[in-house]
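Just below is one structure, and these are the notes that go with it.
Derivation of every value follows stated rules applied to the coordinates shown; laboratory data play no part. Just so it is clear, the structure is predicted and the values come from calculations on it, not from any experiment. Backbone-built Cβ (ideal geometry, glycine too); neighbour counts: all protein chains shown.
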Amino acid sequence: MTKARSCRVRAGHRAMAERSAARVWGMRLTYVAVAFAVFFLYLLPLSLTPARIAGPDVLVAVTFAWVLRRPDYVPPILIAGVMLLADFLFMRPPGLWAALVLIGAEWLKRQSGRLRENTFAAEWLAVAVVLLTLTALYRVIQWLLIVPHGTLFMVLSQFVMTLAIYPIVVGIGHILLGIRHTAPGEFDPVGRSL
């Protein structure tokens, strides 16, 4: 390979890495924008669900879907910050749900390679198990700390609703934003395996 050709190849790789890095940062900003849209909708004085059931936790569904597909789009610090802000805005015990969601997201991130090779049903089941575990832990910790909490039916209805919208969130992310599973051997802009 000639020297000029090798320079062009290196310049092409550098340009691809820069485009990839710009895409990653753009998607991180998109995640924050989605979070703020969810905050806005939840804080509107409108009720989209009957008062007897709790609505879905859309932010958790979005976070888990993105973590399983493109973990480089949602680094732990971003998840922690968004979830902590949600705790403050929704008047939950500050940091408790944020910490649990972060732990669940990191566990799912570690399983993403295995889940990528399975069907969507296996992914959905993994999300259900993680979400149920987080919900149970949240409820137990609230009980131990004597923090006021909703009825068990409301907690279970939120769990079911969040699980029900998960495929919709995945579909919207795939169709509108192009968030898909990473391919085996794909690397982030820094060179780490995804």
Residues meeting the amide H criterion for residue 74 (H placed from the backbone, H to H distance under 5 Å, 5 or more places apart or on another chain) are none
Projected onto the charge dipole of segment 3-177 (unit charges on the beta-carbon of Lys, Arg, Asp and Glu, signs +1, +1, -1, -1), the Cα from 125, 66, 168 with the largest positive-side position is that of 66
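FRET efficiency for residue 129 and residue 180, Cβ-Cβ distance as r, R0 = 22 Å, nearest 0.05? If you can, show how the numbers build up before the last one.
Details: r = 23 Å, r/R0 = 1.04.
Efficiency at R0 = 22 Å is approximately 0.45.
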The ³J(HN,Hα) series, computed from each phi in segment 155-171 with the Karplus coefficients 6.51, -1.76 and 1.60 at θ = phi - 60°, rounded to the nearest Hz and given as x for glycine or proline, is 5, 5, 5, 5, 4, 5, 5, 5, 5, 5, 8, 3, x, 5, 4, 4, x
Per residue, the convex hull enclosing the Cα atoms of segment 3-177 spans a volume in Å³ of 136
